[in-house]
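Student: Okay, handing you the structure first.
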Amino acid sequence: MNQLLVERHGDTLELALLEEGLLTEYRLEEASPGLQPEAVYKGRVGRVMNSLQAVFVRITAREEGFLPFDEMGGETMPKPGDAVLVQVKKAPTGGKAAYLTQDIALAGRYAVLLPMGKSHHVSARAGQSTNRKRLMDLAARVAPPQMAPGCA
């Protein structure tokens, strides 16, 4: 079983990846203030702006993001106060809110996990070799049944 351990000490994050109980990766990182691109957050829907075709999502007490209707994953429109899972596509700049999406993509070295998607992918960086085929076969074995194979 794989485990990701995360611990925060003030502005410092410690991250450890354990595979079958053995430490395989360790990182010590300074936590950056503000919303970071590619980071995933659970937020609450605030204002629904039909004229902008978007909602504003409150991420922290001071941070808010802009989520366009066409970046929403569900079929139902969220209402103010609803909890939503979002990923930052563009960080906030110059007084503008962060640009958010619900089409979450978690990129690794050779694979992209799309937890809300309907397919699994292997990066083109894996090459056209047997390594790519091996990774696609592995993805097909561990992916939920509703996910079809695809390419990134």
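Student: Is there any pair linking a residue in the stretch 72-101 that is within 17 Å of Gln53 (Cα to Cα) to one that is at pLDDT below 95 and acidic (Asp, Glu), with Cβ under 6 Å and at least six apart or on different chains, and which?
Tutor: Ala97/Glu64; Thr101/Glu71
Student: Given the residues Lys79, Lys89, which is the only one that is among the basic types (Lys, Arg) and surrounded by 17 or more Cβ atoms within 10 Å (Cβ to Cβ)?
Tutor: On the way: Lys79 fails: surrounded by 17 or more Cβ atoms within 10 Å (Cβ to Cβ).
Just one listed residue meets the conditions, Lys89.
Student: Please go through the stretch 59-76 and give me each residue that is surrounded by 17 or more Cβ atoms within 10 Å (Cβ to Cβ) and under 19 Å from Gly95 (Cβ atoms), ordered by number.
Tutor: Scanning the stretch 59-76 gives Ile59, Glu63, Glu64, Gly65, Phe66, Leu67.
The values are calculated or read from the model by the stated rules, or taken from the named source; none is laboratory data. Please read these numbers as outputs of a predicted model, since none were measured by experiment. Please note: Cβ atoms are built from the backbone with ideal geometry, for glycine as well, and neighbour counts cover all protein chains shown.
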